1. Compute the helix-to-body angle for 32-68: its Cα long axis versus the longest principal axis of the chain, expressed 0 to 90° and rounded to tens.
2. How far apart, in nanometres, would the label points at R49 and H80 be if each is projected 7 angstrom from Cα along the Cα-to-Cβ direction?
3. Please report the carbon-and-sulfur percent of the accessible area for the chain; probe 1.4 Å, protein heavy atoms only, DNA, RNA and ligands left out.
4. Is the chain best put as rounded, prolate or oblate by its Cα gyration tensor, with a ≥ b ≥ c the root eigenvalues, rounded for a/c under 1.5, and otherwise prolate when a/b is larger than b/c, oblate when not?
5. Roughly how many debye, to the nearest 20, is the charge dipole of the stretch 32-108 about its Cα centre, given +1 on each Lys and Arg Cβ, -1 on each Asp and Glu Cβ, and no other charges?
6. Would you mind getting the accessible area per residue of the chain, heavy atoms of the protein chains only, 1.4 Å probe, in Å²?
7. Zone of L59 (label point 7 Å along Cα→Cβ, backbone N under 16 Å): which residues in the stretch 76-109?
8. Please give the peptides 80-86, 97-103 ranked by average Cβ packing (other Cβ atoms within 10 Å per residue), highest first, as a rough proxy for protection.
Amino acid sequence: MAVINCPGCSKKISDKAKTCNHCNLDLSELDSEKIAGINHVNLINKTQRLMNYSFIAMLLFCGGFLFMFWDDVQPGGWQHTLAMVSTFIGFVMYIIIRGMLLFTKRKAS
Ligand SMILES: [Zn+2]
């Protein structure tokens, strides 16, 4: 069972449902072309979400990196460690999300 967005009210519903339980749209009349359109929109939404995550990861990375070279931050201090951890997590997150984006886009085409 997959979750799709209702074409009528764009709320999340089951693809097995015959009618939308939010707006009572008759889903049994949807043809495969419309379903494909919905899936395409879902894919775009997913890509958009991943883009947002990658932006957060980028912020973590850049923020941590800049913080490491801040005037008050001494190497070996907890702030320096925190900055390094943030940079590392941001970097790893970014790589993973980029990989997922690539995979999602390949599936779409
Ligand atoms: Zn609906």
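1. The angle comes out at about 10 degrees.
2. Inter-label distance under the simple model: 4.0 nm.
3. With neighbouring chains kept in place, the figure for the chain is 65 percent.
4. Taking the square roots of the gyration eigenvalues as a ≥ b ≥ c, the chain is prolate.
5. Result for the stretch 32-108 is approximately 620 debye, rounded to the nearest 20.
6. 74
7. From the stretch 76-109, the list is 86-87, 89-91, 93-94.
8. Put in order of decreasing packing, that is 80-86, 97-103.
The values are calculated or read from the model by the stated rules, or taken from the named source; none is laboratory data. All values derive from a computational prediction rather than experimental measurement. Cβ coordinates were reconstructed from backbone atoms using ideal geometry, including for glycine residues, and neighbour counts include every protein chain displayed. Each accessible area value is taken on the protein alone, full model and side chains, heavy atoms only, with ligands, DNA and RNA left out. Shrake-Rupley method; radii C 1.70, N 1.55, O 1.52, S 1.80 Å.
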